[in-house]
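Below: one structure, written as structure tokens.
The values are calculated or read from the model by the stated rules, or taken from the named source; none is laboratory data. Note that this is a predicted model, so its numbers are computed, not measured. Cβ: placed from backbone, ideal geometry, glycine included. Neighbour counts: every protein chain shown. Side chains included, ligands, DNA and RNA excluded: accessible areas come from the protein's heavy atoms. Shrake-Rupley method; radii C 1.70, N 1.55, O 1.52, S 1.80 Å.
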Amino acid sequence: NDPKRTMVSVDPNDGADYCTCDECKKIGGASDCAFHLANVVADAVRKEFPDKWVGLNAYAEHSEPPREKIHPGVYVSVTTRFRNTELSFEEQVKRFGILGARVGVYEYFSMYAWDWDMPGAAIAGRCHILGRLLRRYNKDLHVISLDAESSCNWGPNGLGYWIAAKMLWNPDLKTEDLAQDFYLNAFGKAAAPMKRLYERWNSGNWFVIRQGLKAALDDLAEAYQAESDPGVKARLDQVAMYLHWLRLNDAYLETVIHSLN
């Protein structure tokens, strides 16, 4: 119906409710069934659309590479979490490639349930780690693509999202250079105080971050004084709203702790 589409998903629904009827048991376990279905669909699709793909994750109960070869036209995205396999991540990626799949990575740049949008808590909030990961996927594992869960949290993670967007096109770029590009082009004359703010957050040091709310507010105040461009001020406003949320979050946690005591 939509010839512009490159791929259609055949990934099982999230969860562990897999069929265990006699016919499915003949195929094998959850991974065998999931990738067998992908093969069947890919064969059918490529008869009419030879340049199209079907895709699925290697995830949870279907993390394990299947016993049968993977047919042309099947793309597999190997998740970095929820991996129900005894293989290492590197072994898993390489095994899917040996079986015939085109292989990518499914990463988790930020998940609210894990990092609570705190500064420096997500992968996207620690740019030095993010850069190493992206180079590793490209240079060491030779994957062809990357998907990444992320959230609407530009405040703590905007810098990391920018770096990822650039490095996915060119993994040889240096995170330090990309960060400086971000500071200059996002904040103009306010680049210096905003660089201090983000570098403090990117340290990943939880104590420094929690104790550094006043320092962040001071940096932001200096940034507002340095730059009058409306576009820059709009970005500063987003950081200001995020800092206000951090302050409210701290006040809420203190109230909860006080009530428990």
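Per-structure values
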| read-out | value |
| --- | --- |
| Flag for ASP32 being modelled with pLDDT of 95 or more, crowded, with 18+ Cβ neighbours inside 10 Å and more than 16 Å from VAL103 (Cβ to Cβ) | yes |
| Answer residue from the stretch 74-122, given it is in a loop (DSSP other than H, G, I, E, B) and among the acidic types (Asp, Glu) and is surrounded by the most Cβ atoms within 10 Å (Cβ to Cβ) among those | ASP117 |
| Every residue from the stretch 1-29 that is under 27 Å from the mean Cα position of the chain (by Cα), among the hydrophobic types (A, V, I, L, M, F, W, C) and open to solvent by less than 60 Å² (accessible area, probe 1.4 Å) | VAL10 |
| Single unsatisfied condition, LEU99 versus (1) among the hydrophobic types (A, V, I, L, M, F, W, C); (2) in contact (Cβ under 8 Å) with a residue 24 or more places away in the chain; (3) under 30 Å from ARG200 (Cβ atoms) | (3) |
| Qualifying positions in the stretch 156-177 - farther than 19 Å from PRO119 by Cα and open to solvent by less than 30 Å² (accessible area, probe 1.4 Å) | MET167, PRO171 |
| Selection status of LYS189, charged (D, E, K, R), free of Cβ contacts under 8 Å to residues at least 24 places away in the same chain, open to solvent by 80 Å² or more (accessible area, probe 1.4 Å) and part of a helix (DSSP H, G or I) | no |
| Residues of the stretch 35-55 satisfying the condition of being surrounded by fewer than 22 Cβ atoms within 10 Å (Cβ to Cβ) and outside any helix (DSSP H, G or I) | PHE49, PRO50, ASP51, LYS52, TRP53 |
| Test: residue in the stretch 74-81 that is modelled with pLDDT of 95 or more and farther than 20 Å from LEU146 by Cβ | no |
| Selected residue (criterion: farthest from LEU213 (Cα to Cα)) from residues of the stretch 233-257 that are among the aliphatic types (A, V, I, L, M) and in contact with a helix residue (DSSP H, G or I) (Cβ under 8 Å, 6 or more places away or on another chain) | LEU236 |
